[in-house]
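Student: Please see the structure below; I have some questions.
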Amino acid sequence: MKSGVSVLIAGKPNVGKSTLLNALLNEERAIVSDIAGTTRDVIEDYLVIDGIQFRFMDTAGIRHSEDVIEQMGVERTHQHASKAAVIVYVADPEQSDVAEIESEIKELQLRSGNNDAPVVTVINKSDQYAFEKLLKQYETLPSLVILSAKEKLHIETLKAKLAGAAMISTDQAGQTIVTSARHAESLAFSSCSLRKVIAGIQQNLSTDLLAF
């Protein structure tokens, strides 16, 4: 509660994640470049939306790379995804269709072990395409927002979605409020481990591996 609702901004390289962070904060917080793979580490900053404090995490673009530093950045993306309360998945219409985006989100959830966090799907660069066409093309994606981070179009729509997602994340029946950061971290680690065991059972892994 004190550190804010953690929001992971994820997606392929060069889809506008850092530009989106800057648009949300209304300042040049992250370096923006046309060169893919600019963001190597996690950039964090805070913003209050509808009275709720959010902690945004801009992460390295998810792709296979031979660059060791970029590989470490991608690994940190998955580490932070495992602890995120909300995931904002950013996509570029030029790079991905609906099936690819759904597959990318599923892979991120699987690798991070976090299937519980609400996902907000952002189709960026709407200033370059017809809005209605994008809406029709991607309407089946979860909690869809179509915007232009560069032109700051429909940023308020995303903020409203985030406020709603935060309420879903924190207001589920039967949950206990944890006020100790240490306790919250331990519980999150345990939850992640249990999800990995369940995934292992579904994959018919040996009991030795499951126990480990």
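Values quoted throughout were computed directly from the atomic coordinates according to the rules given, and no laboratory measurement underlies them. It should be emphasised that the depicted structure is a prediction, and the values quoted were computed from it without experimental measurement. Quick reminder, even Gly has a Cβ in these numbers, built from the backbone with ideal geometry, and neighbours come from all protein chains shown.
Student: Which condition number does A149 fail, the rest of (1) free of Cβ contacts under 8 Å to residues at least 40 places away in the same chain; (2) touching a Gly at 6+ places or on another chain (Cβ under 6 Å) being met?
Tutor: Here A149 meets the rest and fails (1).
Student: Next question. Sort through Y129, Y138 and tell me the only one that's farther than 28 Å from G4 by Cβ and buried (at least 16 other Cβ atoms within 10 Å of the Cβ). Lay out the reasoning, then the answer.
Tutor: On the way: Y129 fails: buried (at least 16 other Cβ atoms within 10 Å of the Cβ).
Matching residue, one of Y129, Y138: Y138.
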